[in-house]
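Worksheet for the structure shown next.
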Amino acid sequence: MYSDFEKCSAFIFIFEFTLILPLISAANLGAYVGINIGNMMSNLPSAADIVLILKAQQIKHVRLFDANHQMLGALANTGIDVMIGVPNDQLLRIGNSRSEAADWINKNVAAFVPETNITYIAVGNEILTSIPNAALVLVPAMQFLQSALVASNLNLQVKVSSPLSMDMIPKSFPPSTATFNSSWNSVMSQYLQFLVNTGSPLMVNAQPYYGYIKGQGIYPLEYALFQPLNPNNQIVDPNTNFYYDNMFDAMVDAAYYSMQSLNFTGIPVIVTASGWPSQGGANESDATVDNALIYNSNLVRHVLNNSGTPSQPTTAVSTYIYELFNEDLRPGPVSEKNWGIFFSNGTAVYSLNFGNQAVSKPDPTGLVGIFCVANPSADTNALKKGLDWACGPGEANCTAILPGEPCYDASNLVALASYAYNDYYHRMQTSGGTCNFGNTAMISTTNPTQDRATAPIPAQLLALPALTSSLKGFNVSALLSYFK
């Protein structure tokens, strides 16, 4: 058993630190989680600042959409694996000229290795569905770049592929009947043969958010978010009898079956972009911070567990989260600008932690390991107002943080507010309660499971809704007087 002091000290201690997105690898031979770094923003941080964020969050794999020399230089000697991209607008030039491809490799790869650990070249992005008239030069561009890598003796370190959109698979469910758009069969056969010849993976941008939206109610939201499905809503491929409990796996299997339809097997799949937007317009109600956190935390758990798909259970799928920063200059609806985990000023849109992702039982609320915490940088007066509201009109259980009670700490307003905010959020989330409190709070997967120096604390004691009494109309003016 743990004393009240031990239970509360573990909770308060965790909020003395801000832990945001330590993207970690699984075992050396297992799958990893990386992140995309876009640049369509009005205030792009410097390359040095971006690398500081990557290091602070222990991110070991990044995907760049170009070969920015400032970024490649800043990534030198960091131990971070880098996927660089050939921008779509450079494809025609490289695909029409072997010498242009060689020049590109010399300037953007050979000049930076081995100090910068470049591991992949993504040739264009969703070329066949976004720039169809460039299709005929896609494979030649890949072949020319590969020849240049061979000439530079870099072909064993750097693999060449090209990310495909899921739109290349017109009907992705059931996965067993999925095929690539037949208009591109000739190009796809050449593309897949190149992957076989070079030992390169198929790159796919798999975004369940779009699959869910385009389904217009066919699929439950839980299916897209890796959340438990109602027994009456089980999703089964009728041809294989494989059960699919999440849309991500179904998309990846659709890619595998599409390759099989062209008689290609044994090519691994890497998901080069997957995520969820944290904000949307009036008609984008499922683009929320809560859903973004739930999707990405469940995605990380799924990947790092080395979970294969129903059709490929022993083949883990490395994945790059889309994306590091919100991109305010990206065209399209509001959601298109809000896929980032960070704002461009380096502050977190939401917080992810991967230290304790495994859970023994699914939680139908989707709140396993999810906490509402006070932002340590919030204004003190605003925090006081948020705490007063949570413990008053919000009806959070604030008994344990009253003066004289075991979780009270007069020196730590952030921890006290976090306690109250989290209790409110866990009580009220299913009925519409949010984690905002006058913009002084954020949701997080930082899961306090250990005392400051001793034994582990049961997670259910730290989720806080287990406390039973409710203080309706409670006012914390006496508590707040300690923070004058």
Asp66's amide H: which non-local residues (gap 5+, or another chain) put their own amide H closer than 5 Å, with H modeled 1.01 Å from N in plane and none for Pro or chain starts? Gly85
Using the basic label-point model (7 angstrom from Cα toward the beta carbon), what is the Lys214 to Asn197 distance in nanometres? 3.0 nm
Can you give the FRET efficiency for Ala56 and Thr240, using 1/(1 + (r/R0)^6), R0 = 51 Å, r = Cβ-Cβ distance, to the nearest 0.05? 0.70
Could you please state how large a percent of the accessible area of the stretch 167-222 is carbon and sulfur, counting protein chains only and using a 1.4 Å probe? 49 percent
For the stretch 388-395, what does the Karplus curve 6.51 cos²θ - 1.76 cosθ + 1.60, with θ = phi - 60°, yield as ³J(HN,Hα) per residue in whole Hz, taken in order and with x for Gly and Pro? 4, 5, 4, 7, x, x, x, 6
Please list 3J(HN,Hα) in residue order for the stretch 332-345, calculated via the Karplus relation 6.51 cos²θ - 1.76 cosθ + 1.60 where θ = phi - 60°; whole Hz, with x for glycine and proline. x, x, 4, 4, 4, 8, 10, 9, x, 8, 10, 6, 5, 7
Amide H contacts under 5 Å for Ile35, placed H, 5+ residues apart: His61, Val62, Arg63, Ile321
Karplus-derived 3J(HN,Hα) from phi for the stretch 228-238 (6.51 cos²θ - 1.76 cosθ + 1.60, θ = phi - 60°), whole Hz, x at Gly and Pro, runs x, 8, 4, x, 7, 10, 5, 10, 10, 7, x
Extension gain, Thr315 back to Ser344 (0.36 nm per residue minus Cα-Cα distance, nm): 6.9 nm
When the accessible area of the stretch 255-329 is split by element with a 1.4 Å probe, what percent falls to carbon and sulfur? 45 percent
What accessible area per residue, rounded to a whole number of Å², is obtained for the stretch 22-175 using a probe radius of 1.4 Å? 41 Å²
Descending accessible area (1.4 Å probe), largest on the left, turns Met428, Met259 into Met428, Met259
Rounded accessible area per residue of the stretch 210-280, 1.4 Å, Å²: 44 Å²
Could you pull out every residue, at least 5 positions away or on a different chain, whose amide H is within less than 5 Å of the one on Glu395? Hs are placed 1.01 Å off N in the peptide plane, and Pro or chain starts have none. Gly473
If R₀ is 41 angstrom, what is the calculated FRET efficiency for the pair Asn43 and Lys107, using the beta carbon separation as r and rounding to 0.05? 0.90
Keeping the other protein chains in place, figure out the carbon and sulfur percent of the accessible area of the stretch 32-117, with a 1.4 Å probe. 49 percent
I'd like the per residue volume of the convex hull spanned by the Cα atoms of the stretch 75-187, given in cubic angstrom. 118 Å³
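The values are calculated or read from the model by the stated rules, or taken from the named source; none is laboratory data. Keep in mind that what you see is a predicted model, and the values were worked out from it rather than measured. Neighbour counts run over all protein chains shown; Cβ positions are idealised from the backbone, glycine included. The protein model used for the area step is the full one, side chains on, heavy atoms only, and it has no ligands, DNA or RNA in it. Shrake-Rupley method; radii C 1.70, N 1.55, O 1.52, S 1.80 Å.
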